[in-house]
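Colleague: Take this structure, written in structure tokens, and hold onto it; I'll ask about it next.
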Amino acid sequence: MQSVTAFTDTYLPTVNGVTYTIQTWRERWHRRGGRMDVVYPKDNDYAPESGEFPVRSLPFPFYEGMRVGVPRVPDAVGDADIVHAHTPFGLGLAGLRLARRRDLPFVATYHTPTGEYAEYLSSVNVIERGVERTAERYERWFFDRADAVIVPSEDAKRRLRDEVGVDAHVVVLSNGIDIERFAPADGDAFRARYDLGDGPLVGYTGRHGYEKELDELVRAAVGLDATLVFGGDGPARDELAQLAADLDVDARFLGFLDREELPAFYSALDVFGFPSPVETQGLVALEANACGTPVVGVNDGALEDTVEDGETGYHYESGDIDSFRRGIQRALAERDELSTRCLARRDEVSVEHSVDRLAALYERLG
């Protein structure tokens, strides 16, 4: 098995889709007898394990909880066979430098459309659009230098082509989920632990970022005979809680949930609501499905493909709150049938299939 060094600007203790994907791929790679080191921004709240190499980092002032690594290549990763960047910035540049210096295959994953986060830098439309254009030009420069660019969905491939201008050497490869972990669990015990009662539950877990349009989920819950449950945290949490209070929505904010709790969280829900239009795959939707919970998600971004109407849940058009509410009501009424279809598709979304394809890509490039 080849030795891989992954460079990322997002890693533990931050828990999100990028961190989860890197961790899961790395664990499966090690199972196969390979080595996958990780270079990431140092955070004093996390003690590195073997094969994890923190480098000096600085807080990113416009995005709470994010740190940016100073581009540097630790000496210990200099013997890699493959370099894989999970960011075009900061440490992604360090990975590119290592690949060019040692003439190694360079793979980059397009996890996040950077332009979507321009609003964090400015609320002025002209400035925001200028930031988006600058980000897209830079991303084009970076990804054009990769031997292969991995995207987790067909939507992400379209975005990379249409918005960034990268079309060649792009490979659609799902991040996959750990179906050993994400399977039906004891949802009743989770309900009891958090005093959620025995009525219908509609929920979401993940970062409470403004770009995820979570207010649409709160507004869609108006008039529903259900409790709204949020797991996770983020900058929009307080405003979401205030909105729920203003609209008289029964909403519970559980805060950050340990990953070990997530299968029970998903299993406790009757429907997972997912209004975010900025996902490049939407792993939490696949995790919910793998636990037997249908998803009602926006018909935009990766969720256009991740959610299958009538099979794993339903779509609604972004901004159409009435349609969102109707989708949730329909999924609540058909919960048992949708759950059966979700569980029948578990193997299709497993990380094992994803790592099989990743290994084949590495082998082809090496």
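Matching residues to (1) closer than 23 Å to Ser153 by Cβ; (2) modelled with pLDDT under 95:
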residue	(1), (2)
His30	no, no
Ser57	no, yes
Pro61	no, yes
Arg67	no, yes
Val70	no, yes
Val107	yes, no
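Colleague: Still on this structure, please answer the following. Does region 257-276 contain at least one residue that is in contact with a Gly (Cβ under 7 Å, 6 or more places away or on another chain) and more than 30 Å from Thr340 (Cβ to Cβ)?
Modeller: The answer is no, given that none of the residues of region 257-276 is in contact with a Gly (Cβ under 7 Å, 6 or more places away or on another chain) and more than 30 Å from Thr340 (Cβ to Cβ).
Colleague: Do we find that Ala290 is within 17 Å of Val229 (Cα to Cα), buried (at least 17 other Cβ atoms within 10 Å of the Cβ) and at pLDDT 95 or above in this structure? If you could, list the steps in order and put the result at the bottom.
Modeller: Numbers: within 17 Å of Val229 (Cα to Cα): no; buried (at least 17 other Cβ atoms within 10 Å of the Cβ): yes; at pLDDT 95 or above: yes.
When the stated conditions are applied, Ala290 does not pass them.
Colleague: Looking at Asp81, Asp144, Asp103, which is the one that is surrounded by 13 or more Cβ atoms within 10 Å (Cβ to Cβ), under 22 Å from Gly34 (Cα atoms), of a type in the set (Asp, Glu) and modelled with pLDDT of 95 or more?
Modeller: Numbers: Asp144 fails: under 22 Å from Gly34 (Cα atoms); Asp103 fails: surrounded by 13 or more Cβ atoms within 10 Å (Cβ to Cβ).
Checking each option against the conditions leaves just Asp81.
Colleague: Can you pull out the strands (runs of 3 or more DSSP E) entirely within region 243-357 that have at least 1 residues that are more than 19 Å from Thr24 (Cα to Cα) and within 17 Å of the chain's Cα centre (by Cα)? Don't jump to the end; show me each part of the working.
Modeller: Numbers: elements: 251-255, 271-274, 295-298, 313-316.
Qualifying strands (runs of 3 or more DSSP E): 271-274, 295-298.
Colleague: In region 220-242, which residues are over 28 Å from Glu337 (Cβ atoms), buried (at least 18 other Cβ atoms within 10 Å of the Cβ) and either among the aliphatic types (A, V, I, L, M) or over 21 Å from the mean Cα position of the chain (by Cα) (or both)?
Modeller: Ala236, Leu240
Colleague: Okay, moving on. Filter region 243-269 for residues that are surrounded by fewer than 20 Cβ atoms within 10 Å (Cβ to Cβ), touching a strand residue (DSSP E or B) at 6+ places or on another chain (Cβ under 6 Å) and not aliphatic (A, V, I, L, M); which is farthest from Gly209 (Cα to Cα)?
Modeller: So, considering only residues that are surrounded by fewer than 20 Cβ atoms within 10 Å (Cβ to Cβ), touching a strand residue (DSSP E or B) at 6+ places or on another chain (Cβ under 6 Å) and not aliphatic (A, V, I, L, M), the one farthest from Gly209 (Cα to Cα) is Asp250.
Colleague: Looking at Thr205, Thr227 in this structure, which one is in contact (Cβ under 8 Å) with a residue 60 or more places away in the chain and among the polar types (S, T, N, Q)? Steps first, answer last, please.
Modeller: Numbers: Thr227 fails: in contact (Cβ under 8 Å) with a residue 60 or more places away in the chain.
None of the others qualify; the one that does is Thr205.
Colleague: Looking only at region 325-345, which residues are closer than 15 Å to Ile179 by Cα and surrounded by fewer than 18 Cβ atoms within 10 Å (Cβ to Cβ)?
Modeller: From region 325-345, those closer than 15 Å to Ile179 by Cα are 342-345; that's our starting set.
The answer is Leu343, Ala344, Arg345.
Colleague: Thr312 passes all but one of (1) out of contact with any strand residue (DSSP E or B) (no Cβ under 8 Å at 6 or more places or on another chain); (2) within 17 Å of Ser350 (Cα to Cα); which number fails?
Modeller: Looking at each condition in turn, Thr312 falls short on (1).
Colleague: For Glu180, all conditions in the list (1) among the charged types (D, E, K, R); (2) closer than 18 Å to Leu283 by Cβ; (3) touching a residue at least 60 places away in the same chain (Cβ under 8 Å) hold save one; what is the number of the exception?
Modeller: Of the numbered conditions (1) among the charged types (D, E, K, R); (2) closer than 18 Å to Leu283 by Cβ; (3) touching a residue at least 60 places away in the same chain (Cβ under 8 Å), the odd one out for Glu180 is (3).
Colleague: Looking at (1) out of contact with any strand residue (DSSP E or B) (no Cβ under 9 Å at 6 or more places or on another chain); (2) surrounded by fewer than 24 Cβ atoms within 10 Å (Cβ to Cβ), which is the only condition Lys212 fails?
Modeller: Condition (1) is where Lys212 drops out.
The values are calculated or read from the model by the stated rules, or taken from the named source; none is laboratory data. Owing to the predicted nature of the structure, the values given are computational and were not obtained by experimental measurement. As a convention, Cβ positions derive from the backbone with ideal geometry for all residues, glycine included, and neighbour counts pool all protein chains shown.
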